[in-house]
Amino acid sequence: MATAEKPVMVVGIDESEHSSYALQWTLDRFFAAFAPNFPFKLILVHAKPTPTSAVGLAGPGVAEVLPFVDSDLRRIAARVIEKAKEVCASKGVNDVLVEVMEGDARNVLCETVEKHHASVLVVGSHGYGAIKRAVLGSVSDYCAHHAHCSVMIVKKPKIKH
């Protein structure tokens, strides 16, 4: 009898501490406790912004800086992936697929869910205020409405002074 495919869990990762917290929280609750029989196949995805979106302006001179911006974005992506793999390994999770896709995080996460037929998408919450969220648009809010799976938004507890 063939073994059933495990459901897929996609975790969005970036360079923020909210993302790092969400990954650790997820690993502790859904992976470390079940080692080595993990209930999910884990896929980490990092959305690398396009150089033009990262620069955010047009005009003379922009074309000259784009290769440098792209190089920086690639370096950041490599660092994000390396750190995430280390966190996974520290929790005994070595069977992890990591993807970097260029584009807006909202689209990248929803496309990854579709591509892998994910059951769950995990995103961290940046905890932006209402104005910043209205201007930037919330990735977690977008995913909650557009991803074709359950979406878990992991919030880092606020430290009370």
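Considering only 54, 148, 67, and ranking their Cα positions along the charge dipole of segment 17-161 that arises from unit charges at the beta-carbon of Lys, Arg, Asp and Glu, the one farthest toward the positive end is 148. Once you order the gyration tensor axes a ≥ b ≥ c over the Cα atoms, which shape class does the chain get: rounded for a/c under 1.5, otherwise prolate or oblate by comparing a/b with b/c? Prolate is the answer for the chain, as a/c is 1.5 or above and a/b outweighs b/c.
In the complete set of protein chains, residue-level accessible area for residue 101 is approximately 40 Å², probe 1.4 angstrom. Is the C-alpha gyration tensor of segment 50-117 telling us rounded, prolate or oblate? Criteria: a/c under 1.5 is rounded; beyond that, a/b larger than b/c is prolate, otherwise oblate. Taking the square roots of the gyration eigenvalues as a ≥ b ≥ c, segment 50-117 is oblate.
Modelled spin labels at residue 50 and residue 82, positioned 7 Å past Cα toward Cβ, are 2.8 nm from each other.
Taking 0.36 nm per residue of separation and subtracting the current Cα-Cα distance, fully stretching the chain between residue 95 and residue 64 would add 7.1 nm. Taking each DSSP H run with n ≥ 4 as -39500 (n - 2.57) and averaging over every residue of the chain yields -14500 deg cm²/dmol at 222 nm.
Surface calculation, 1.4 Å probe, protein heavy atoms: residue 151 sits at approximately 40 Å² accessible.
When Lys and Arg each count +1 and Asp and Glu each count -1, what net charge do the other residues less than 12 Å away from residue 10, Cβ to Cβ, add up to? Net charge in that neighbourhood comes out at -1. The DSSP beta bridges internal to the chain are antiparallel in roughly 0% of cases. Note on residue 28: accessible area approximately 70 square angstrom, rounded to 10, probe 1.4 Å, nucleic acids and ligands left out.
With 31 Å as the limit on Cα-Cα distance, the pairs of 48/91; 41/160; 48/156; 48/155 that go past it are 41/160. Under 22 Å of direct C-alpha separation, and excluding same-chain neighbours fewer than eight residues apart, residue 158 reaches these lysines: 132. Amide H contacts of residue 99: 44, 45, 46, each under 5 Å away and 5 or more positions distant or on a separate chain (H built 1.01 Å from N in the peptide plane; Pro and chain starts excluded).
The values are calculated or read from the model by the stated rules, or taken from the named source; none is laboratory data. Everything numeric in this text was worked out from a predicted model, so none of it was measured. All Cβ positions, even for glycine, are placed from backbone atoms using ideal geometry, and neighbour counts span all protein chains on display. Only protein heavy atoms, including side chains, enter the accessible area calculation; ligands, DNA and RNA are left aside. Shrake-Rupley method; radii C 1.70, N 1.55, O 1.52, S 1.80 Å.
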